[in-house]
Amino acid sequence: MGGTPPKPAQAVAVGDPGRSASDSLPAAPSHNEGIKARSDFLRGTLSEELDRAALGGLSEDASQLVKFHGMYVQDDRDLRPERAKRKLDRAVSFMARLRIPAGVLTARQYLALDRIATERANGTLRLTTRQTIQFHGIIKSNVRAALRAIDAELLDTVAACGDVNRNVMAAANPYRSRAHADAAEAAARLSAHFLPRTGAWREIFIGDRRVRGGEPESEPIYGATYLPRKFKIAIAVPPANDVDVYAQDLAFVAIVEEGAIAGYDVLAGGGMGMTHGEPDTYPRVGDLLGYCPAERLLEVAEAVLTTQRDFGDRSNRKRARLKYTIDVRGLDWFKAEIDRRMRSPLEPPRSFVFESHDDRLGWASGTDGLHHLTLYVENGRIADRDDERLKAALAAIAALAGFGDTGRFVITPNQNLVIACATDVERTRIDAILAGHRVQREISRLRHGAMACVGLPTCGLALAESERYLPGLVTRIEAILARHCLEDQAITIRMTGCPNGCARPYLAEIALVGRGPGRYNLLLGGAADGSRLNRLYRENLADAEILAALEPVIAGYAQARRDGERLGDYLWRAGIVAAAANRST
Ligand code: SRM
Ligand code: SF4
């Protein structure tokens, strides 16, 4: 495989699909294209800059490049005003994101990551919406030590960010069924297949020497300028759509026969990000393309990824995702192009039914007698607080005699954690440890369906609070639901501190998207299975206005809902949100 050879950035076609590059002058490639092209396969000046202790962060170009190695240069935004007043530089540190296909860790690996968080980062671990872990607050002098400790556990941060294929997701918990195991294995294969081949990560952070002589280094799939933008893949096992297939650049929906995955229905062109006030940016749900047998997984994925590599917009990064490539050139063109790159076209799609896109919490048992606990982790933040010592509890579980060797920790796409593969005795001990550390397991249905992105203080793009604000808001919405006897009703609510959509808000029944400090757009009407975009309902609301806007909506739902009808569906039926409503926030 390897697809058609990548074209250099300057020759990439933009604009009218019917024209060749020589018919019209292509738009100038973005600055990032130059950074990639000049970087000598993602090395740039990173090594020298990491050695320079005087500068807490990196130069602008190196800050772009370090993303390909799974890291972001950030600063603590809470401290900005005070430091500015005292004429001090920003409190710069690094965020590091791991690559964990399907979110699967051994208990030993988890324990090592817990230690790294304490010794090298800000003392917390952050489970992400793509089934991996982020460390925040790593100071520059700790970066290499942290990455070496990660490498010692056979883990890495390669391609966790940057213009490449990102962490590949799969339906949570490979130990749940044969089909789930197949999905996780497929995710690991996709992740390995699309891993950049450059030796840069090992040289810069781990200390490997560059091999000189022999074949010149190359990127057989990506080429020297990698992809126009990030690329995201997920695999779902119905009836759960926990991975949110409709938000992915490329998604595979397992078609299960006799317990195993026989093939996949393939979707492409999903994405969440948009910019306020720029209507040519928008969230989009993926299109169903067709079916492929399981053995054609890599062939199909490569056809889609290389089409985006060759035709994605390399001049405007805001329009560089696959969803725009498909919209600009048309779905028929896209299907023909991927068919051309494969041995044979996709077959007509089979059918699948999704029931939900959140997690099933609590213990579940397999036919092998092992038990798996899906534990709620509020917005994915694993930390010790005075009243609830979740971090210490999970470390104690990972260190349990016996379980430390055979147990697994699986991160879910909803920022929760499955403590997997426990025997009867271990299950009892795990329950006792969680109780001893006062880990809260009785949560409302609303909180269960709630998810917030990181937002402030680390995210440089946040316009408003998210992770720190949603829990309190949920408490106040719980009170409204209780007033209308809806406290047991499943509802999804998602919040992001800006319109980029990291918690996939545009698929939730209720969404709050940051507009500015303390201000949010309220969107309503997503589907329970994550298959429908919600719509803008009210703009620029402060806390009290959000509650005032939700109260009548919830009251109406309590009065007029049909048997089993979800809030998102009721809102469309009642005409409270409408298909024609503005897509843009
Ligand atoms: Fe995201 C950028 C956090 C999942 C769309 N995202 C960021 C950055 C790195 C901010 C930055 O560029 O400086 C955030 C770091 C915050 C911090 O301090 O940690 C950030 N994104 C996250 C995480 C940690 C949110 C979370 O609470 O879990 C998720 C990490 C995923 C992972 O492990 O790889 C995360 N981001 C997503 C998702 C959801 C998904 O992938 O399923 C999306 C929407 C799907 C999509 O890509 O369309 C998403 N993040 C974005 C975007 C908009 C991209 C776009 O093309 O529209 C940005 C901004 C950008 O890339 O320019 C962004
Ligand atoms: Fe940051 Fe915006 Fe993503 Fe939230 S949605 S983590 S504020 S980029």
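The values are calculated or read from the model by the stated rules, or taken from the named source; none is laboratory data. Predicted model only: the values in this text are computed from it and were never measured. Using ideal geometry, Cβ is built from the backbone for each residue, glycine included, and neighbour counts are taken over all protein chains shown.
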Quick count over region 203-230, residues being aliphatic (A, V, I, L, M) and either within 16 Å of ligand 1 (Cβ to nearest atom) or within 30 Å of Asp182 (Cα to Cα) (or both), is 2
Restricting the search to region 559-569, which residues are within 33 Å of the chain's Cα centre (by Cα) and of a type in the set (A, V, I, L, M, F, W, C)? Leu567
When the residues of region 458-504 are filtered to those that are farther than 18 Å from Arg519 by Cα and among the acidic types (Asp, Glu), which remaining residue is nearest to ligand 2 (Cβ to nearest atom)? Glu478
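Every residue, every condition in (1) within 16 Å of ligand 1 (Cβ to nearest atom); (2) under 17 Å from Met71 (Cβ atoms); (3) in contact with an Asp or Glu (Cβ under 8 Å, 6 or more places away or on another chain), yes or no:
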residue	(1), (2), (3)
Ser141	no, yes, no
Arg148	no, yes, no
Leu154	no, no, no
Met169	yes, no, no
Tyr175	no, no, no
Ala181	no, no, no
His193	no, no, yes
Pro196	yes, yes, yes
Trp201	no, yes, yes
Only one residue in Ala117, Ala62, Ala102 is in a helix (DSSP H, G or I), at pLDDT 95 or above and more than 19 Å from Phe205 (Cα to Cα), so which one is that? Ala102
I need the full set of residues from region 420-450 which are buried (at least 21 other Cβ atoms within 10 Å of the Cβ), more than 12 Å from Gly402 (Cα to Cα) and not aliphatic (A, V, I, L, M), in order please. Gly449
Being among the β-branched types (Val, Ile, Thr), more than 20 Å from Arg126 (Cβ to Cβ) and touching a residue at least 24 places away in the same chain (Cβ under 8 Å) is the filter here; which residues of region 400-453 pass it? Thr406, Thr423, Ile430, Ile433
Note: among Gly501, Gly460, Gly472, just one is more than 23 Å from the chain's Cα centre (by Cα), within 23 Å of Gln134 (Cβ to Cβ) and not aliphatic (A, V, I, L, M), namely Gly472
For Leu522, state whether it is in contact with a strand residue (DSSP E or B) (Cβ under 7 Å, 6 or more places away or on another chain), away from ligand 1 (no atom under 16 Å from the Cβ) and on the phi < 0 side of the Ramachandran plot. yes
Residues that are surrounded by fewer than 24 Cβ atoms within 10 Å (Cβ to Cβ) and of a type outside the set (Ser, Thr, Tyr): list the strands (runs of 3 or more DSSP E) wholly contained in region 489-539 that include at least 2 such residues. 510-516, 519-524
If the requirement is being within 15 Å of ligand 1 (Cβ to nearest atom), among the charged types (D, E, K, R) and within 23 Å of Asn379 (Cβ to Cβ), which of these qualifies: Arg130, Arg120, Arg115? Arg130
Members of region 231-241 found to be buried (at least 24 other Cβ atoms within 10 Å of the Cβ), among the aliphatic types (A, V, I, L, M) and more than 9 Å from ligand 1 (Cβ to nearest atom), listed by number: Ile233, Ile235, Ala236, Val237
What are the residues in region 91-108 that are surrounded by fewer than 21 Cβ atoms within 10 Å (Cβ to Cβ) and more than 14 Å from ligand 1 (Cβ to nearest atom), if any? Thr106, Arg108
Can you tell which of Arg130, Arg126 is assigned to a strand (DSSP E or B), charged (D, E, K, R) and buried (at least 22 other Cβ atoms within 10 Å of the Cβ)? Arg126
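Hey, among Leu111, Leu147, which residue is hydrophobic (A, V, I, L, M, F, W, C) and surrounded by fewer than 24 Cβ atoms within 10 Å (Cβ to Cβ)?
The unique qualifying residue is Leu111.
Please state which one of Ala452, Ala490, Ala479, Ala432 is aliphatic (A, V, I, L, M), at pLDDT 95 or above and within 16 Å of ligand 1 (Cβ to nearest atom).
Within the list Ala452, Ala490, Ala479, Ala432, the selection yields Ala452.
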Residue list for region 405-446, filter: in contact with a Lys or Arg (Cβ under 6 Å, 6 or more places away or on another chain) and of a type in the set (Gly, Ala, Ser): Ala420
Please pick out the residue among Leu512, Leu507, Leu446 that is under 21 Å from Ala528 (Cβ atoms), more than 16 Å from ligand 1 (Cβ to nearest atom) and either of a type outside the set (A, V, I, L, M) or at pLDDT 95 or above (or both). Leu446
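Being away from ligand 1 (no atom under 16 Å from the Cβ), without any contact (Cβ under 8 Å) to a residue 12 or more places away in the chain and among the hydrophobic types (A, V, I, L, M, F, W, C) narrows it down to one residue among Ala528, Ala548, Ala542; which is it?
Ala548
Return the residues of region 225-256 that are of a type in the set (S, T, N, Q) and closer than 30 Å to Asp40 by Cα; say none if nothing qualifies.
Residues satisfying the conditions are Thr225, Gln248.
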How many of the residues in region 112-159 are more than 16 Å from ligand 2 (Cβ to nearest atom) and of a type in the set (Ser, Thr, Tyr)? 3
Taking region 170-217 and keeping only residues that are assigned to a loop (DSSP other than H, G, I, E, B), basic (Lys, Arg) and closer than 25 Å to Arg130 by Cα, one is left with Arg176, Arg197
Looking for whichever is within 16 Å of ligand 2 (Cβ to nearest atom), touching a strand residue (DSSP E or B) at 6+ places or on another chain (Cβ under 6 Å) and farther than 22 Å from Ser191 by Cα here; the options are Thr281, Thr275. Which one fits? Thr281
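Can you go through Arg317, Arg321 and tell me which one is touching a residue at least 40 places away in the same chain (Cβ under 8 Å) and out of contact with any Gly (no Cβ under 7 Å at 6 or more places or on another chain)?
Residue meeting the stated conditions: Arg317.
Output yes when any residue across region 320-334 is in contact with a Cys (Cβ under 8 Å, 6 or more places away or on another chain) and more than 22 Å from Asn32 (Cβ to Cβ), and no when none is.
Among the residues of region 320-334, not one is in contact with a Cys (Cβ under 8 Å, 6 or more places away or on another chain) and more than 22 Å from Asn32 (Cβ to Cβ), which makes the answer no.
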Top-ranked residue of region 242-261 - restricted to ones that are away from ligand 1 (no atom under 16 Å from the Cβ) and touching a residue at least 24 places away in the same chain (Cβ under 8 Å), ranked as farthest from Leu322 (Cα to Cα): Gly259
